[in-house]
Structures are given as structure tokens and as C-alpha cells.
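The values are calculated or read from the model by the stated rules, or taken from the named source; none is laboratory data. Everything numeric here is computed off the predicted structure, so don't read it as measured data. Here the Cβ positions follow ideal geometry from the backbone for every residue, glycine too, while neighbour counts run over all protein chains shown.
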Amino acid sequence: MKNLIIKLKNKIFLGKGITPDEAQDLMKISIDNNEDMEYLCSVADEIREKFCGDFFDLCTIINAKSGKCSENCKYCAQSSHFKTNAQVYGLVAKEKAVEEALKVQSEGAHRFSLVTSGRGLEKGDKELEKLIEIYQELKKETEVSLCASHGICDEYSLEELKKAGVTTYHHNLETSRNFYPNICTTHTYDDRVATIKKAQKAGLKVCSGGIWGLGESLQDRIDMAFELRKLGVFSVPLNILMPIPGTPLENMNPLDPKEILKTIAIYRFILPKAYLRYAGGRVNLKEFQEKGIKSGINSALTGNFLTTTGTTIKSDKEMLRRNGYEI
Ligand code: SF4
């Protein structure tokens, strides 16, 4: 395996992309072979260092509207198709959004995003108008880079978000094209791809990733990474399923932390220049959480939404400095 890892590293360093077959070969590394795993992770870290340097990007979100969603994404607490304990509330007030953004800015976050439940936005929506007002205010009152996550959007909404000061649109693919119908049937994979392309057309950068541990195969994870590479997204949030009581996935078995680590490292081989971002569920990595940032991860969703895991902006910054990152 060492020869394969060296061969692929040399290829990547020459600026060439690895192929899906080569990624498949990397997936054959046994998570119980400590030597191969160590080598894979250390080369993933070298690739990160060469193509991304030592800067670590920290982003934050607020759940700006929660629950009552018409869609049936099987992992989600906010879908109205399932009975969960998720909070239900309408769009956050402008003042509250600014207060939250200023708070995370003072703590050192680089980005701030509003995330709303629901299928998406289109021209004429009252919610779009209110969001535009909030983003305009955030742009005026704060210095954080503004991101937005509002589901499936039409061109008009994305252009308006851009005009209001949003720089990046977040919209996950969630999983592979093949596996997607097992996860959601109220909208399609192509709906998601179309939104990503429209956001790029509107001049927004795109942050798009997915969730591991939904029952997908290793092949599905690789397929998602290649789809993201093809779409040219600049940031890839990597979520690990936290099964939510009341959702159809409530009884899913957790992934082996070493399998998560291996997949992170292989994503770095496939996506050498992207921000590979810790997002929800990184607690599933257990003692390997710190190892992940030396195996390809170079960004994270951080802040109060993670308080149940004991992770805060402060503790994240300490961990990053310990590992030689600039923040
Ligand atoms: S569209 Fe978003 S909020 Fe609605 S069910 Fe899917 S993931 Fe949850």
C-alpha cells in the first residue's frame, strides 16, 4: 500500500487528479493496519500543507428558522414527516442575527451563516425579502464573511443574496447520486446540483458536502467526492450522522472512528485544494478528532451549536494552535 500512496502523492503534486479507481484502491487499506493508516494520514496532511498551507478556516452558523419542513430528508430532525423533539420557530429577528454574528466575530470566527429549514427560496417569497434585510444589516454591522444556507433556490434568490452581501452559498449533496433516493424523495439529486450551479452562476462560492453513516457504501462516499470535484466547490463540510430519535435513521449503527479518519484522508487525495471542513457529528471520531486535523481537515464549523459535544470556538482554537495552524 505504501507504494500506491507514494505514487498517488507524486501524481497529485504534479497537479494531476487521482481517478475513482485509484480512490477505490486507497479504500482497500485496512483500518486495522496501523502502519498503512499512519502513512495514509501523514501523506494526506502533506497534501493539505502543500495545496492549502497552514491556515485553518472557522465558520459558525445559527439555526435562523427551525422545523416544519415540507421535505423528508431521513436524517433530519426538522422534517414535518417525522415526530422529533426539534424546536419549531419562525425566522430570527434582524437584531438577534447581528448580535450573534458580533459575538462569534469577537471570538475569532471567520464566517457566519444563517441556516433555515424548508425546501428553499424563490422570487416573491416573503422569507427571501426578510433574509435580504438581515444580510444587508449583517454586512453593515459586522466584518465576518457571510454565508447562507436556505435549500433549493432559483437564480433570482441567489443573485439577491449575493447583492445583499452573501459570499458563499451552502448546499450539501448529502451523499452519492445512486444512494440519494434512499435518503430523500421530496426533491432530487439533480435539484441539489442545479442549485449549486445556479449559485456559482450568481457569483457565489459554494460550500457543499454531505453526511457519512447514512447506510451508504464506501463507493457512495467516493462517488460524492468526485461529484464535488466536478462541481468545483471550494469547501466541503463533512458531517457524520448523529441519529435523531424519531427519524427513520434513529437506529443506525455509528461508523468506526478509524473508518471516518480513513475517509477524511482519502477525500484529501481526491480534493487537494478544498477546505475539508469538520461539521456535525465530529464527536463520533472520539480520540481521533485531533488526528483528523493532521489527516486532511483544514476547516471546521465551530461555536455554540456544538456545546453538547463540549466544543467551543475557544477550545477549537487551542486545539488548532497545538497542531501548528494559523487561525
Ligand atoms: S430540506 Fe433541510 S430542513 Fe428540510 S428536511 Fe431536508 S435537511 Fe431538513
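From the residues in the stretch 82-108 that are hydrophobic (A, V, I, L, M, F, W, C), out of contact with any helix residue (DSSP H, G or I) (no Cβ under 6 Å at 6 or more places or on another chain) and farther than 26 Å from residue 154 by Cβ, which one is farthest from the ligand (Cβ to nearest atom)? Don't jump to the end; show me each part of the working.
At the first step, the residues of the stretch 82-108 found to be hydrophobic (A, V, I, L, M, F, W, C) are 82, 86, 88, 91-93, 97-98, 101-102, 104.
If we keep only those that are out of contact with any helix residue (DSSP H, G or I) (no Cβ under 6 Å at 6 or more places or on another chain) too, we end up with 82, 86, 88, 92-93, 102, 104.
With farther than 26 Å from residue 154 by Cβ added as a condition, the list becomes 82, 86, 102, 104.
Values: 82: 9, 86: 9, 102: 26, 104: 22 Å.
Step by step, filter the stretch 82-108, then rank; the result is 102.
Restricted to the stretch 160-190, and to residues that are within 18 Å of residue 116 (Cβ to Cβ) and away from the ligand (no atom under 16 Å from the Cβ), which residue is surrounded by the fewest Cβ atoms within 10 Å (Cβ to Cβ)? Explain how you work it out, then say what you get.
Step one: of the stretch 160-190, the residues within 18 Å of residue 116 (Cβ to Cβ) are 160-162, 164-172, 174, 184, 186-187.
From what's left, away from the ligand (no atom under 16 Å from the Cβ): 160-162, 164-168.
On the way: 160: 20, 161: 26, 162: 18, 164: 19, 165: 18, 166: 27, 167: 16, 168: 22.
For the stretch 160-190, the residue satisfying everything is 167.
Here are some residues: 272, 243. Which one is at pLDDT below 95 and either in contact with a Lys or Arg (Cβ under 6 Å, 6 or more places away or on another chain) or not hydroxyl-bearing (Ser, Thr, Tyr) (or both)? Show your work before the answer.
Details: 272 fails: at pLDDT below 95.
Only one candidate passes the filter, namely 243.
Across the stretch 169-214, what is the number of residues that are hydrophobic (A, V, I, L, M, F, W, C) and either farther than 14 Å from residue 231 by Cα or over 17 Å from the mean Cα position of the chain (by Cα) (or both)? Steps first, answer last, please.
Just the residues of the stretch 169-214 that are hydrophobic (A, V, I, L, M, F, W, C), to begin with: 173, 179, 183-184, 193-194, 196, 199, 202, 204, 206-207, 211-212, 214.
Those still in the list that are either farther than 14 Å from residue 231 by Cα or over 17 Å from the mean Cα position of the chain (by Cα) (or both) too: 179, 183-184, 194, 202, 211-212, 214.
Final tally of qualifying residues: 8.
Going through 147, 153, 73 one at a time, which residue ends up being in contact with a helix residue (DSSP H, G or I) (Cβ under 6 Å, 6 or more places away or on another chain) and within 16 Å of the ligand (Cβ to nearest atom)?
Working: 147 fails: in contact with a helix residue (DSSP H, G or I) (Cβ under 6 Å, 6 or more places away or on another chain); 73 fails: in contact with a helix residue (DSSP H, G or I) (Cβ under 6 Å, 6 or more places away or on another chain).
Exactly one residue qualifies, and that residue is 153.
Considering only residues that are crowded, with 19+ Cβ neighbours inside 10 Å and outside any loop (DSSP other than H, G, I, E, B), which ones fall in the stretch 230-255?
235, 236, 237, 238, 239, 240 - these are the residues of the stretch 230-255 that are crowded, with 19+ Cβ neighbours inside 10 Å and outside any loop (DSSP other than H, G, I, E, B).
Can you name the number of the only condition in (1) of a type outside the set (Asp, Glu); (2) within 16 Å of the ligand (Cβ to nearest atom); (3) at pLDDT 95 or above that residue 68 fails?
It fails just one condition, (3).
What is the residue count in the stretch 184-226 for residues that are in contact with a strand residue (DSSP E or B) (Cβ under 6 Å, 6 or more places away or on another chain) and of a type in the set (A, V, I, L, M, F, W, C)?
Qualifying residue count, the stretch 184-226: 8.
Suppose the filter is assigned to a helix (DSSP H, G or I) and either without any contact (Cβ under 8 Å) to a residue 12 or more places away in the chain or not charged (D, E, K, R) (or both); does residue 148 pass it? Give the steps one after another, and end with the answer.
Working: assigned to a helix (DSSP H, G or I): no; either without any contact (Cβ under 8 Å) to a residue 12 or more places away in the chain or not charged (D, E, K, R) (or both): yes.
Here the answer is no, as residue 148 does not meet what is asked.
Identify, by number, the condition in (1) more than 16 Å from the ligand (Cβ to nearest atom); (2) touching a Cys at 6+ places or on another chain (Cβ under 9 Å); (3) assigned to a loop (DSSP other than H, G, I, E, B) that residue 198 doesn't meet.
Exception for residue 198: condition (3).
Kindly evaluate residue 272 against the criterion of being outside any helix (DSSP H, G or I) and in contact with a helix residue (DSSP H, G or I) (Cβ under 6 Å, 6 or more places away or on another chain). Break it down stepwise before answering.
Details: outside any helix (DSSP H, G or I): yes; in contact with a helix residue (DSSP H, G or I) (Cβ under 6 Å, 6 or more places away or on another chain): yes.
Spelling it out, residue 272 is indeed outside any helix (DSSP H, G or I) and in contact with a helix residue (DSSP H, G or I) (Cβ under 6 Å, 6 or more places away or on another chain).
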